[in-house]
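Below you'll find the structure, written out as structure tokens, and then a few comments.
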Amino acid sequence: MTDPLIEARGVTLAFGETPALRGADVTVGAGEILAVMGPSGSGKSTLLHCLAGILTPDSGEILYEGRRIDRLGEADRSALRRDSFGFVFQFGQLVPELTAEENVALPLLLGGTRRAAALAEARPWFARLGLDGLERRRSGELSGGQAQRVALARGLVSRPRVLFADEPTGALDSLTGEQVMELMVGAAREQGTTVVLVTHEPRVAAYAHREAIVRDGRVTSLSVDRIAS
Amino acid sequence: MYGQLMSVPLTLLGLLEREPSHGYDLKRDYDSLFGRDKPLPYGQVYATLSRLARDGKVVAGEAEPGDGPERKRYVITEAGVTEFETWLAQPVAPEPTLQTVLFTKVVLALMLGRDAGQYLDAQRAAHMQRMRELTELRRTGALLDALLADHGLFRLEADLRWIDLTTARLDAIAEAVRP
Ligand SMILES: Nc1ncnc2c1ncn2[C@@H]1O[C@H](COP(=O)(O)OP(=O)(O)OP(=O)(O)O)[C@@H](O)[C@H]1O
Ligand SMILES: [Mg+2]
């Protein structure tokens, strides 16, 4: 693996009485695409949110470029997320009041890019994702799969250092899911984006370099030693 | 992994149904279409063709100038066409052979009180590794390669879903198989 870019060490986190993470360790290399798999409720989304500085662990450490981000204040963490991270969330990600192209441009607008320039950056993504003609629709007027592709464009538009994606192909059929993965992997390779991808679909995980499996709030990394012929 | 699904004599009949061909043309076409993982040895091509000729499924033309059996042109017969068409329309037994081995290993491991979970993890890792290779192949290869890779990917994915489900139920299965 290349230099570690993100690391979780002994991370625990409970929601009230429910322990979601119980000592999770994981390392993501720079430029690596890591698939996070595991049963429903095992802590995958929670781990992703911790790695991305959205949730703060109860104990343990989160490092980004060797720096403890779990110790940063909310303002610094939100600046880090805005400047370096892109997100595709598992549920309901689009802002309903905005058009599709405004949704895609949102990270740029929030980062201070002027409206015309931000929209100009956003538009080419529609053709790339097979969304031609849907630029002016509001999210309520998109199908689930279309909305998910808009969300992916939004995650990639600012060319983030790290893309955090939680079930980005969940609502897509095989062909569209493939298209989304090709795009994500293509962007990752071209731009050197590091990707942390939560998925329960083996065919989606197979686009990653490596997989980590979350079970009961802990991470198992599997590797192949020997295969009988 | 496609080897066992592929019937060499019937595939050669299919190629001959397209047009009469020499043995070396059949081998070339077979290898480029179906034999990616495992090219067909010349010996097997000619042995298969002689068996088909003996059974009246093909007839060999006159030997053309040059030496060896590869100078003969083979033509499919009416009986050959019928056999090929019957085979073509017949569904393949929907029994994933690999899963039988997985199943046997899991049941035996649990029966003998060994670590079935560890085996399933190792199998899972091997499956994912193969799926990554096939994914790379379908991303970089020609359309026919991609088509084959896809088939492999869907099958392996089915195994993986079974592996995950079984991993989640090991305790219950152990109860069921222990005396
Ligand atoms: N906001 C929350 N409040 C209370 N409990 C939560 C919350 N978020 C997650 N949990 C609990 O934490 C555990 C881990 O949840 P998490 O969302 O990380 O699972 P997951 O692996 O992403 O599952 P899925 O595959 O279903 O998305 C679960 O038991 C869940 O019920
Ligand atoms: Mg989740």
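Provide a single number: the residues in the stretch A:95-134 that are among the acidic types (Asp, Glu), farther than 21 Å from A:Arg81 by Cβ and surrounded by 19 or more Cβ atoms within 10 Å (Cβ to Cβ). Can you show your working first?
Quick first cut of the stretch A:95-134, residues among the acidic types (Asp, Glu) only: A:97, A:101-102, A:121, A:132.
So of that shortlist, the ones also farther than 21 Å from A:Arg81 by Cβ come out as A:97, A:101, A:132.
From the residues that got through so far, the ones that are surrounded by 19 or more Cβ atoms within 10 Å (Cβ to Cβ) too are A:101.
The number of residues fulfilling the criteria is 1.
Just one of the numbered conditions (1) within 28 Å of A:Leu142 (Cα to Cα); (2) within 16 Å of ligand 1 (Cβ to nearest atom); (3) of a type outside the set (Phe, Trp, Tyr) is not true of A:Arg82; which one?
The one condition A:Arg82 does not meet is (2).
Which pairs have Cβ atoms under 8 Å, sit 6 or more apart or on different chains, and link a residue in the stretch A:113-137 that is under 15 Å from A:Val180 (Cα atoms) to one that is among the small types (Gly, Ala, Ser) and not in a loop (DSSP other than H, G, I, E, B)?
Listed pairs, sorted by first residue: A:Trp125/A:Ala153; A:Phe126/A:Ala100; A:Phe126/A:Ala153; A:Arg128/A:Ala153; A:Leu129/A:Ala153; A:Leu131/A:Ala100; A:Leu131/A:Ala153.
Yes/no per residue for (1) of a type in the set (S, T, N, Q); (2) farther than 30 Å from B:Ala126 by Cα; (3) within 14 Å of chain B (Cβ to nearest Cβ):
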| site | (1), (2), (3) |
| --- | --- |
| A:Leu131 | no, yes, no |
| A:Ser139 | yes, yes, no |
| A:Ser143 | yes, yes, no |
| A:Ala153 | no, yes, no |
| A:Ala165 | no, no, no |
| A:Val180 | no, no, yes |
| A:Ala188 | no, no, yes |
| A:His200 | no, no, yes |
| A:Ala206 | no, no, yes |
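Being at pLDDT below 85, more than 28 Å from A:Arg9 (Cα to Cα) and away from chain B (no Cβ under 12 Å) is the requirement here; does A:Gly170 meet it?
So A:Gly170 passes the test.
So which of A:Thr27, A:Thr99 is away from ligand 1 (no atom under 12 Å from the Cβ) and under 20 Å from A:Val195 (Cβ atoms)?
That would be A:Thr27, the only listed residue that is away from ligand 1 (no atom under 12 Å from the Cβ) and under 20 Å from A:Val195 (Cβ atoms).
For the stretch A:33-111, list the strands (runs of 3 or more DSSP E) that sit wholly inside it and hold at least 2 residues that are under 17 Å from the mean Cα position of the chain (by Cα) and within 25 Å of A:Glu121 (Cβ to Cβ); which are they? If you could, list the steps in order and put the result at the bottom.
Numbers: elements: A:33-37, A:59-64, A:85-88.
It comes to A:85-88.
Taking the stated definitions as given, is A:Ile69 more than 15 Å from A:Ala165 (Cβ to Cβ) and away from ligand 1 (no atom under 16 Å from the Cβ)?
Yes.
State whether one or more residues within the stretch B:108-126 are out of contact with any Cys (no Cβ under 9 Å at 6 or more places or on another chain), more than 9 Å from chain A (Cβ to nearest Cβ) and hydroxyl-bearing (Ser, Thr, Tyr).
There is at least one residue in the stretch B:108-126 that is out of contact with any Cys (no Cβ under 9 Å at 6 or more places or on another chain), more than 9 Å from chain A (Cβ to nearest Cβ) and hydroxyl-bearing (Ser, Thr, Tyr).
For the stretch B:127-139, which positions are touching a residue at least 24 places away in the same chain (Cβ under 8 Å) and either more than 7 Å from every other protein chain (Cβ to nearest Cβ) or out of contact with any Asp or Glu (no Cβ under 8 Å at 6 or more places or on another chain) (or both)?
Filtering the stretch B:127-139 down to residues touching a residue at least 24 places away in the same chain (Cβ under 8 Å) leaves B:127-128, B:130-131.
Answer for the stretch B:127-139, where residues must be touching a residue at least 24 places away in the same chain (Cβ under 8 Å) and either more than 7 Å from every other protein chain (Cβ to nearest Cβ) or out of contact with any Asp or Glu (no Cβ under 8 Å at 6 or more places or on another chain) (or both): B:His127, B:Arg130.
This table checks each residue for (1) at pLDDT below 95; (2) out of contact with any helix residue (DSSP H, G or I) (no Cβ under 6 Å at 6 or more places or on another chain); (3) away from ligand 1 (no atom under 13 Å from the Cβ).
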position	(1), (2), (3)
A:Glu32	yes, yes, yes
A:Leu47	no, yes, no
A:Thr56	no, yes, yes
A:Gly60	no, yes, yes
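The values are calculated or read from the model by the stated rules, or taken from the named source; none is laboratory data. Quick caveat: nothing in here was measured; it's all calculated off a predicted structure. Glycine also receives a Cβ, built like all others from the backbone with ideal geometry; neighbour counts cover every protein chain displayed.
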